[in-house]
Every structure is written in C-alpha cells, then in structure tokens.
Amino acid sequence: MLKVDIMLIKNSQDEVKKRESSFKIIKSILNEKGRRDLYDLTGLSGGFIASENDLNLLETYVGPAIFEEELETLGKEHLGGEKVLAVNRTSSGILATILSLVCENSYIIHYLPEFPAHPSITRSAKLIGANYIEFDNLDDFHIPENTSLIIITGSTMDHKVIDEDIFKEVINRAKMRKIPVFVDDASGARLRTILFNQKKAIDLGADLVVTSTDKLMFGPRGGLMAGKKELINKIKSKAHQFGLEAQPPSILAMVNGLKSFNGENIKNSIEKKQELINLLNNKSSGTLGNVFEETPTGVMISEESLKNELKSHRLLDNISSKDCCFLLAMNLLKNEGIITIPAVSMPGASPTIRFDLSSHDCEKLKMETLADKIFNSFNSFLEIVNDYDKSEELLFS
C-alpha cells in the first residue's frame, strides 16, 4: 500500500495559524528574557529609522509631500530608472504591475534561476485571468504570441542568483518582441550587485524592477519600484485604486533605510559563513550528513536535505517533509530564540530554513554559539518529529 504523509499544515489558513503561534512565542521570549535573547536571522528583519522631527510629519498628506521627493532621489540611485514608486509590499508591486500591463488570456512568461516562483506572481496571474508559463532553463525558454509581460527573478526565495549573461539574453529576446520586462529583485537588488558584481536590473535593460526594502537592508516591510516613467505612472494609478501604495510611515522608513544602507553586513557575512560551516562540519562528525548547504550570505537547510537526513535516522515515517521544516523552525524559535523564515512566513513562502549571517542580530551572536543552538534544536526536534500530538502542539499552541 502506498504510504501518504500526514499533513499538519494543510492550507494557507494553517500557515497563518502557525505564524500567529510564532508571534506568541516571540512575545513570550520578549516578556520573560528581553530582546537580547531573540535572534532574527531571516535576512528580512527590516527596521524603522526615524527622528522625532520625522515622526511629527507623519500625517496623511504632509508625510508624502515631504518624503516622496527624497525617496525619488534615493530610489533612483539604488535601483536606477526614470521614476520610483513605493508600495506596501513587493507582492503589492507585482500585483499592481500585472493588473496594469497584462490582458486577460494573454501570456505572462517568467524566467527564474530555480523553481519555485514566488507565489505572488502565480496568484496575480490567476487573478487577472492570464496564461502563465515559467522557465528555469534558457534552452526551453520561449515567448508565445500574445505575451503581455516577461518577468525575471534576480534571486529566488532561497537566494539562488540568476547568471547575468542569461539575464541579458532574456531581456534581449523580450526587446526583439517589444514586450516589457519586469524584474522581481526582492533581495537580488543588493545580493546580485554586491556579492556577484552584477549590474542593476535597469542598467541591464529591464523596463521595471521591484525590490523589498526589508531584505538585506534596514528598512520597513515594503516594496520599492523603479523604471520607465510611463509604465510607473500607469502602475501608480492602479496601486492607488486598490490601496497597494505605501503609506507615509513606510515611505519615511524607506528613505532612512536607503540612507543608512552601505552593504557592509552583506560583505561581512562571507567570513562568518565560512566560520559557521567549519563549526557545523566539526560538530556534526557525520551525524548530520549533508543537511547544511551554503547560501550567498549564510547557511540553509532545505526541505530536500532535511528529508534525506531524517530518512537516514529512520524518522520520516508520518509527517510530511515540508511540515518537518516548519517544526524545526518552530523548535529553533521556542527553544533557542532563533527566528527563521518558515516560523513566521506568509502563506506560500519557501519552507527552507535559512540562517542569514548578514542579519543585524548576528552582531550579538558568536558563530560557535549559533552552531550550538542549531545542534541543540535539531536534537530536540528529533524527539518530537514522529509524535503527531507534540508536533501539532508546537505548530499551533
């Protein structure tokens, strides 16, 4: 008989419940121990830099009048382009772009360095009634007739970065067909340019780009778009119609986040990554096999590598491999105070557990301490992974 894994998290509602449970744990740690015993290693912890004078200007109409002009200058410096637009999330920018530029029954073609795509792209395509095709191999890539938009992902949810030559080739093919190119550069706007020495998306020929202002920088959870003025104006109109635009507090925080950004944390993460990898390899002594993989700015445990590791322990008998990632992430949070994306993520996000060493909280965390926390959490995770009741309690308590 074919064995079917039990799913603890069955749908988006369960993912929201899991996220709410994580917030309760975070609040409990803050109340009992304080902020110093929490370590946000998601790489998208963000921040809100503001002076008292800034805060006094955060009125509905006064705020944008003051801060949007400054954001225009800083945003074009960071991303390039003729005009910028602040939206309340990168996903909002993606939705506004597709609503503005894509016709029902036309095609959206998406090239990304590795599957899967961010769910906001596929969901937006479905909402508008578009045909959606995605590629992660240039040999297979093609552009059908009646294509409205080509999307390129610069860096995936798991920080797989596109090759710049492939990036340029996709743009060239789109330009031959006179189809606008929109780049989802959520973390790539900094990851590609700083660690991989790639050009900005606009400088490579893209018409539009969007980035997350909390990923690998100390800004708010928000999205910043840039590109051709004509296209940005059209998208801005649509964003305002549906309430997708950023509000004054976010715009202020974007301005100050861009002012403070210098990329040093991203560069310094390389040395920290090597130290952590060496510590993990020394501590594992073969017990964790190849569960740890490198990312550009740290270390990760993917769904596939965790599944294989648990099979070697003969422990993956009941619960799905994706739930195992959620369980390990929740265990890291509850027992060690380490925040990773699967514990707090929005529905549809990657279950990969990333320890991003460019995160601000890494400044207060020695790599040896982090390695100990990871191993302690993994060992306690092994004790509950096949216990359905304990696993359910950890996810949804």
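If you take every DSSP beta bridge whose two residues both sit in the chain, what share of them, in percent to the nearest 5, is antiparallel? Of all bridge pairs located within the chain, approximately 50 percent are antiparallel. Across all Cα pairs in the range 57-260, the calculated P(r) in 10 Å bins from zero up to the longest distance comes to 9, 39, 37, 13, 2, 0 percent per bin. Rounded to the nearest 500, the helix-only mean residue ellipticity at 222 nm of the chain stands at -15000 deg cm²/dmol, with each DSSP H run of n ≥ 4 adding -39,500 (n - 2.57). Restricting the range 6-92 to chymotrypsin sites (Phe, Trp or Tyr not before Pro) that sit in a DSSP loop and have at most 11 other Cβ atoms within 10 Å of their own Cβ leaves Y61.
How far, in degrees from 0 to 90, does helix 321-336 lean away from the longest principal axis of the Cα atoms of the chain, to the nearest 10? Here the helix axis deviates by roughly 80 degrees.
If R0 is 22 Å, the Cβ-Cβ spacing of K126 and N197 corresponds to a FRET efficiency of close to 0.05.
Accessible area per residue for the range 350-389, computed on protein heavy atoms with a 1.4 Å probe, is 38 Å².
Histogrammed with a bin width of 10 Å, the alpha carbon distances of the chain distribute as 5, 22, 30, 26, 14, 3, 0 percent, first bin at zero. Protein heavy-atom surface of the chain, 1.4 angstrom probe: 47% of the accessible area is carbon and sulfur, with nucleic acids and ligands not counted. Rg ratio for the range 210-249: its Cα radius of gyration over 2.2 N^0.38 Å, N being its residue count, equals 1.26.
In this structure, the residue pairs whose Cα-Cα separation is over 30 Å, taken from K33/K390; K126/K236; K76/K168; K364/K390, are K364/K390.
Restricting the calculation to Cα atoms, the range 1-65 shows an Rg/Rh of 1.22 when the hydrodynamic-style radius is the Kirkwood one.
Taking 0.692 mPa s as the viscosity and 37 °C as the temperature, the Stokes-Einstein diffusion coefficient of the range 64-115 based on its alpha-carbon Kirkwood radius rounds to 244 µm²/s.
For the range 50-163, treating each Cα as an identical point scatterer without solvent, what Debye log10 I(q)/I(0) comes out at q = 0.15, 0.21, 0.22, 0.24 1/Å? Each listed q maps to, in turn, -0.80, -1.16, -1.22, -1.32.
Spacing of the modelled spin labels on K311 and S397, each 7 Å from Cα toward Cβ, amounts to 3.1 nm. Can you give the net charge of the other residues whose Cβ lies under 15 Å from the Cβ of L101, counting K and R as +1 and D and E as -1? That works out to +3. When you work out D = kT/(6 pi eta Rh) for the range 121-220 at 10 °C and 1.306 mPa s, using the Kirkwood radius from C-alpha pairs as Rh and the Stokes-Einstein form, the result is 112 µm²/s. Which FRET efficiency value, to the nearest 0.05, is calculated for E304 and L382 with the Förster distance at 22 angstrom and r the Cβ-Cβ distance? Calculated transfer efficiency: 0.75.
For the range 205-297, the solvent-accessible area of protein heavy atoms averages 43 Å² per residue (probe radius 1.4 Å; ligands and nucleic acids excluded).
Here's the picture: charge each Lys and Arg Cβ at +1 and each Asp and Glu Cβ at -1 in the range 57-260, and of T90, A253, F67 the one pushed furthest to the positive end of that dipole is F67. Of all DSSP beta bridges confined to the range 129-285, the antiparallel ones make up roughly 45%.
The values are calculated or read from the model by the stated rules, or taken from the named source; none is laboratory data. Being a predicted model, the structure only gives us computed values, none of them experimental. FYI the Cβ positions are ideal-geometry reconstructions off the backbone, even for glycines, and counts take in every protein chain you see. Side chains included, ligands, DNA and RNA excluded: accessible areas come from the protein's heavy atoms. Shrake-Rupley method; radii C 1.70, N 1.55, O 1.52, S 1.80 Å.
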